Amino acid sequence: MESVQKKRLAGWGNYPTAESYALQPRNEQDVKSDLKKGKVIARGLGRSYGDQAVNEDKYVAVCTKLDHFLDWDAENGILECEAGVSLEEIISTFGSKGWLPMICPGTKFVTIGGAIANDIHGKAHHIDGSFVNCVLSFSILLADGTIA
């Protein structure tokens with residue numbers, strides 16, 4: 001049987017904190033299995049302000065192992081990736097090839113899933129808008145295990 005560690009988690013502001021059972025899914029099947037454990041909230045690198053990625057005495061799926069590039073269109077600069085990919089990984093991989101995300105917040109230590117969930121913005125949001133302007137489409141695994 002899998003051992004699940006209880007961890008004290010917080011957002012970037014370090015308040016509030018919560019004791020949560022940290023899961024670390026590595027693929028879609030792991031996530032579907034984790035959903036059967038009870039109430040689960042997804043979490044990336046923990047840079048969100050507030051408490052949206054903590055779950056007192058319940059489960060938190062730390063999705064940083066869901067970090068694979070799935071497809072890359074070098075001609076158009078279109079990346080398909082999993083939610084746990086960080087902006088740091090994207091910048092490190094594609095920056096030297098002349099590609100950077102149009103929207104970058106004050107830190108590169110955020111995941112794509114978190115960027116979408118929080119609709120992050122950068123310093124030029126009054127001109128470029130928010131992260132939604134970088135996303136062509138996404139699929140989401142719902143609490144019932146279906147993908148929309």
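The values are calculated or read from the model by the stated rules, or taken from the named source; none is laboratory data. Computed from a predicted model, the values in this text were never measured in an experiment. Using ideal geometry, Cβ is built from the backbone for each residue, glycine included, and neighbour counts are taken over all protein chains shown. Just the protein is used for accessible areas: all its heavy atoms, side chains included, with ligands, DNA and RNA removed. Shrake-Rupley method; radii C 1.70, N 1.55, O 1.52, S 1.80 Å.
Of all residues in segment 5-26 being in contact with a helix residue (DSSP H, G or I) (Cβ under 6 Å, 6 or more places away or on another chain) and surrounded by fewer than 19 Cβ atoms within 10 Å (Cβ to Cβ), which is nearest to E82 (Cα to Cα)? Restricting to residues being in contact with a helix residue (DSSP H, G or I) (Cβ under 6 Å, 6 or more places away or on another chain) and surrounded by fewer than 19 Cβ atoms within 10 Å (Cβ to Cβ), the top hit is R26. Screening the candidates I103, I91 for the property of being in contact with a Cys (Cβ under 9 Å, 6 or more places away or on another chain), at pLDDT 90 or above, assigned to a helix (DSSP H, G or I) and more than 26 Å from S33 (Cβ to Cβ) yields one hit, I91. Residues satisfying the criterion are absent from segment 45-62 (criterion: free of Cβ contacts under 8 Å to residues at least 24 places away in the same chain, in contact with a Phe, Trp or Tyr (Cβ under 8 Å, 6 or more places away or on another chain), among the basic types (K, R) and under 19 Å from L9 (Cα atoms)). For segment 109-130, a residue qualifies if it is out of contact with any strand residue (DSSP E or B) (no Cβ under 7 Å at 6 or more places or on another chain) and either within 19 Å of A53 (Cα to Cα) or open to solvent by 70 Å² or more (accessible area, probe 1.4 Å) (or both), and the qualifying residues are G114, A115, I116, A117, N118, K123, H125, H126, I127.
In this structure, does G129 turn out to be touching a residue at least 12 places away in the same chain (Cβ under 8 Å) and on the phi > 0 side of the Ramachandran plot? In short, yes. Of the residues in segment 27-41, at least one is touching a Lys or Arg at 6+ places or on another chain (Cβ under 8 Å), modelled with pLDDT of 90 or more and open to solvent by 80 Å² or more (accessible area, probe 1.4 Å).
Entry remark, segment 80-92: residues being open to solvent by 50 Å² or more (accessible area, probe 1.4 Å) and more than 20 Å from E28 (Cβ to Cβ) number 3 in total. Within segment 109-148, being modelled with pLDDT of 95 or more, of a type outside the set (A, V, I, L, M, F, W, C) and in a loop (DSSP other than H, G, I, E, B) holds for S137, S139. Scanning segment 71-87 for residues that are more than 17 Å from I120 (Cβ to Cβ) and either among the hydroxyl-bearing types (S, T, Y) or more than 15 Å from the chain's Cα centre (by Cα) (or both) yields D71, W72, D73, A74, E75, N76, G77, I78. Taking the criterion of being over 20 Å from A53 (Cβ atoms) and in contact with a helix residue (DSSP H, G or I) (Cβ under 6 Å, 6 or more places away or on another chain), the only residue of segment 131-148 that qualifies is G145. Screening L87, L9 for residues that are more than 21 Å from F131 (Cα to Cα), in contact (Cβ under 8 Å) with a residue 12 or more places away in the chain and of a type outside the set (D, E) leaves exactly one candidate, L9.
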